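Step one of this worksheet: look at the structure below.
The values are calculated or read from the model by the stated rules, or taken from the named source; none is laboratory data. Treat the numbers as computed from the prediction; the structure is a model and nothing was measured. With ideal geometry, Cβ positions are generated from the backbone for all residues, glycine too; neighbour counts draw on all protein chains shown.
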C-alpha cells in the first residue's frame, strides 16, 4: 500500500462509515494471516531449493510422506478458515440489517445512470447527498439490466437486480466526497455509470436541502410541492386511475364510491391486517409489492380485484414516486376525485362486484377500514364489500 | 517421517538394482527411431484422418497456440487502452468487445482444452502403458467438433463481435446486447460437446486400458488429475449447454426465462452458469496441477510427498467444486443463509488446494534439485498459485467479498490462479514434454530466461491490480478515475514484458525442430512409462506391453535413470532419513 501512495492513490482507501472500519479490521486480519502463510511457504521453498540443490554425487532421499504433517497442514488452515468465516458472517449480517427507523432512500439503476429519490421527495441523478452521522436505508433496483451500486469508501456494494428490491444501509461518519461505481457490467456506458456521494455536516446538509423542493408536511387539502417525488406520484395516481378506486368518496349507493378499495390516506407506516390474521407493516417494500403483485398480500376484508402493474406499465422510478406519494398522503390530503373515468381494466364495476359476493347491505363492515384515520389500509387491491366503510 | 504411500511391492532390500515402473527395461535410445509417429505417413489426410492420440494431440496444439495469441492480442488492446483514464485507443464498444474476446477465447478456447487436449491426449495413454485411447475415432471426432465450435465462435467475434463479457449475464445478453450472442453461444455449446467426449474417452481409457500392474495406486498423478477433470467435464458441461440453450430461447423467441420484464429470473441464469463455470475453473487448473506433480518429482529426484493426499485432493476438489458456485452471487440477493452455506463450502474446497501446495513444497525436501526450464516454470507456478489461492480467500469469504466483488481484486486473483497457475503449468508441461513429443531439445538458456521474464512480467501486471481493486476500481471499466492511472500504467508495462515472455517459446521451440539437438528417449531421466519409449514415440508407443511393478516417481531408488550414469546411488531407505 506504500507503493500505492507514491502512485496516486492514498495510503489506505478512505473510510467513511464505522462499518468500513470494522470491515477493514477483518480484511487486515485475513491479510496478516495469509501473508504469513504465504511467506512461510516461500521461505520453505527458498530454503529447500538452496539446501537440496543438486550436488555432485548427491543422492535424494526416498521420502514418501507423513500422515502427521498432512494432518497438521490440513487442520491449521481449516481452523483459520473457520475464524475468517465467523468474522465475515458478523460483518455480512451487519450490512444486511438496516436500523429499523432509518429513512429509506430509493435507488434505481438504468443504463447508464443512477436515479436516487430521498424520502423527503428530493430527487437526484448520480449524486447522493447524505448527512454526517445519520443512518439511511437504501433500497435498490434496476430498470433494465443488472447493475451494482458500490461505494468503496463505505465498503458497501450490492447488486441492482431488475425485478428485485435489495436493501442495504449506510451511516456515514466522515464528511467528504466519495465515488459511486457501477460494479456489474451493464453495457456500453458501464464505466460512465458513476457518481459521487457527498457526506455533508448537519448545517451543510440543511443548506443543501434549502435549495431543493421537499414535501413538507402540510395542511389537509394541500398538494405536494411541484417537482418532488410525491408530486410526480400524484400525477401518476391520477393518470393510472388509482384514484378511481382508492379514493375518499364513500357513498354506498354510488358507483363512484370507493367501495372497491381502501382509502390510502395515512396508510404509510401503519399496520395492515391481512387475510388470515397476520399483519404487515405498510412500508415501501409492502407498497411496491402490492402494486406489482396485488394478490401477494390482501388487506383483510377486501377482495383481491386490483390488477397487477408490471414494469411495462409502471417503471421502477414511477413506482418509487407512487410510494413517495402514498407516504405523503396523510389523513385528509387526498384530493377529491374529479373525473368519472372507468375503473382500471380488470376491476369490476362496483355493482357487479358487490353483487357476486355479497348481498346489498348486510355486511357489517368488520373490516379494518380506515376508520378515520390511522391504520389506513393498504393501498392497492382490495375491495371491500358493499356498504360500509368508514372513513371519510 | 512415516510413509503414507509405498509401492505395493516395496522391496525389502532397497539396494536391489531395478528399473522403476517397467519390465523389461527399455534401452535409453539416443537419437530418434527411424520410423516414428511423425513420419510414418505424410500428407494432409494422414493428419486430418488420423486416429493416433499423439497426432491428435499435435492437432490440438497448433490451433490452441493460435487462439492463445488471439486472446493475447485482445488482452494487449485492453491493457493499452487503459493507460489513459479516458481510453487511449478504443471506443467504449470496442473496449467491451476486446475484453469479452480476451475472456471468452482464453477460457473456452484455450484454458479449458489446452492441457486435456494436448498433454492429456498425448500422454495419458502413454503414462498408463496403452497403445491409444479407448475410443480413437471418438477422439478424432472430438477434435472436429471442437474445431467446428471454435470456428463458430471466432466467426461470431470477427463478424460483429460480442460484448457481454464471458459471463453472458441476462437480461443484458438476452435483450440489450446488439452483438452476436447467439452465434457465440452456439460456439460454446458445440465446443462443450467436445469437452464431454474427451472426458468420456479419458475416463474409459483410464479404467480399461491400463497396462498390467498399473493399479490405481500406481497411476501417475497427472492421470489422476485428468481423471478428476474428466468427471467434472462430463457432469458440468451439460448444464452450461442448457443455460446457453435457454438464453438463446429467450433471445430468439422472447420466452421469459431470465428477463424479469417477461416474468423470468436473472438469478436462474447465474445459478446455471456458475454451476458449470465454477467447476470449469477446476477443469482448467486440475490438469495443470497434474503436470506440476510430474515435473516437480523429476527435477527434485523424489517421490511425491504424500501420493494419496495429492491424488485424493484432486478428487476432493472435483467433488466439492460442484457445491460452491453460489460464491459468485453473494451480492445478488440470493439470500444470507445461502451465502453462508456457499461460503463454508468454499473454505472447504480451499483446503485440498492448500494441501497440494504444502505437499509440493515438501517434495523438495531431501531432493537433488536441478533448475531446468520446466522446473523454473513449476516453481513459478507454486509462487504465483500460492498468492492466487490465498487471495481467493478474501473473495470466498462472505464479509470481505462485499467490497472486493467485481473489482480488479477479482481480476488479479483470477489471473494469479489461471495464468500464474494454469499458464505456468502449461509452460512447464510443454517444456517438460517437448523433447518427448518432437525428439528435439530446445535452448536451455532461452527457455530459462523466458520463465524468469514471464514471472517478472506477470507479477508486475497483476500485483498492482490487487491494490487498485482494494481501492475500489471496478472491473470492465474503459474509463476510470484518474487516480488509478499509475496502477494501470504499471499493469500495462507488466503486460508488455509478459507478452515478450510468451513470444519467446513461440520462437525457440519451433527453432528447436530444425536446430535442436536430439533429445534421446529420456532427457530428464524420468521414471514414467512415457519416457521408456523413444523420442518421438513410435506409432504404437510400446514395442512390448509394459509391465508395471512399482509406483511412479521412484527416483530415489538406484536405477539406470539416475542422473549420472555409472554412479551408484545410495538410498536412505523407505523412511526418508532425517
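Things to note:
- Test: residue in segment B:155-171 that is within 20 Å of the chain's Cα centre (by Cα), within 30 Å of residue A:188 (Cβ to Cβ) and surrounded by fewer than 23 Cβ atoms within 10 Å (Cβ to Cβ): yes
- Residue within segment B:31-48 that is touching a strand residue (DSSP E or B) at 6+ places or on another chain (Cβ under 7 Å) and either modelled with pLDDT of 95 or more or more than 30 Å from residue A:191 (Cα to Cα) (or both) present: yes
- Of the residues making up segment B:407-440, those that are in contact with a helix residue (DSSP H, G or I) (Cβ under 8 Å, 6 or more places away or on another chain) and outside any helix (DSSP H, G or I) are B:407, B:440.
- The single condition from (1) surrounded by fewer than 23 Cβ atoms within 10 Å (Cβ to Cβ); (2) within 17 Å of residue B:63 (Cβ to Cβ) that residue B:131 fails is (2).
- Count - residues of segment A:19-47 that are surrounded by fewer than 15 Cβ atoms within 10 Å (Cβ to Cβ) and within 19 Å of residue A:133 (Cβ to Cβ): 1
- Residue A:204 vs. criteria more than 17 Å from the chain's Cα centre (by Cα) and not in a loop (DSSP other than H, G, I, E, B): yes
- Meets criteria (away from every other protein chain (no Cβ under 14 Å), touching a residue at least 40 places away in the same chain (Cβ under 8 Å), more than 28 Å from residue A:147 (Cβ to Cβ) and more than 24 Å from the chain's Cα centre (by Cα)) for residue B:529: no
- Among the residues of segment B:441-480, the ones that are free of Cβ contacts under 8 Å to residues at least 24 places away in the same chain and in a helix (DSSP H, G or I) come to 2 in all.
- Only one of the numbered conditions (1) more than 25 Å from residue A:39 (Cα to Cα); (2) assigned to a helix (DSSP H, G or I); (3) facing chain A (nearest Cβ under 8 Å) is not met by residue B:315, and that is (3).
- Of all residues in segment A:129-147, those that are touching a helix residue (DSSP H, G or I) at 6+ places or on another chain (Cβ under 8 Å) and within 12 Å of chain B (Cβ to nearest Cβ) total 7.
- The single condition from (1) more than 7 Å from chain A (Cβ to nearest Cβ); (2) buried (at least 23 other Cβ atoms within 10 Å of the Cβ) that residue B:415 fails is (2).
- Some residue of segment B:92-101 being over 18 Å from the mean Cα position of the chain (by Cα) and farther than 25 Å from residue B:418 by Cβ: yes
- All positions within segment A:148-169 that are buried (at least 24 other Cβ atoms within 10 Å of the Cβ), more than 7 Å from chain B (Cβ to nearest Cβ) and over 15 Å from residue A:95 (Cα atoms): A:160
- Members of segment B:363-406 found to be part of a loop (DSSP other than H, G, I, E, B) and more than 7 Å from chain A (Cβ to nearest Cβ), listed by number: B:371, B:372
Residues checked against (1) in contact with a helix residue (DSSP H, G or I) (Cβ under 7 Å, 6 or more places away or on another chain); (2) at pLDDT below 90; (3) surrounded by 18 or more Cβ atoms within 10 Å (Cβ to Cβ); (4) assigned to a strand (DSSP E or B):
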site: A:15; (1), (2), (3), (4): yes, no, yes, no
site: A:63; (1), (2), (3), (4): no, yes, yes, no
site: A:70; (1), (2), (3), (4): yes, no, yes, no
site: A:74; (1), (2), (3), (4): yes, no, no, no
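- Candidates A:107, A:21, A:41 - the one that is assigned to a helix (DSSP H, G or I) and more than 9 Å from every other protein chain (Cβ to nearest Cβ): A:21
- Among the residues making up segment B:27-78, those that are assigned to a helix (DSSP H, G or I) and over 23 Å from residue B:145 (Cα atoms) are B:72, B:73, B:74, B:75, B:76, B:77, B:78.
Here is a yes/no grid of residues against (1) modelled with pLDDT under 90; (2) within 21 Å of the chain's Cα centre (by Cα); (3) within 24 Å of residue A:43 (Cβ to Cβ):
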residue: B:310; (1), (2), (3): no, yes, yes
residue: B:332; (1), (2), (3): yes, no, no
residue: B:347; (1), (2), (3): no, no, no
residue: B:357; (1), (2), (3): no, yes, yes
residue: B:366; (1), (2), (3): no, no, yes
residue: B:378; (1), (2), (3): no, yes, yes
residue: B:388; (1), (2), (3): no, yes, yes
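- Residue under evaluation residue A:222, criteria (1) assigned to a helix (DSSP H, G or I); (2) not assigned by TED's automatic domain parsing to the domain that holds residue A:115, criterion not met: (1)
- Any hit, segment B:333-352, residues being closer than 21 Å to residue A:72 by Cβ, at the interface with chain A (Cβ under 7 Å from one of its Cβ atoms), free of Cβ contacts under 8 Å to residues at least 40 places away in the same chain and surrounded by 19 or more Cβ atoms within 10 Å (Cβ to Cβ): yes
- Options B:267, B:235; residue that is within 14 Å of chain A (Cβ to nearest Cβ), in a helix (DSSP H, G or I) and at negative phi: B:267
- Just one of the numbered conditions (1) closer than 26 Å to residue B:346 by Cβ; (2) in contact (Cβ under 8 Å) with a residue 12 or more places away in the chain; (3) more than 9 Å from chain B (Cβ to nearest Cβ) is not true of residue A:96: (3).
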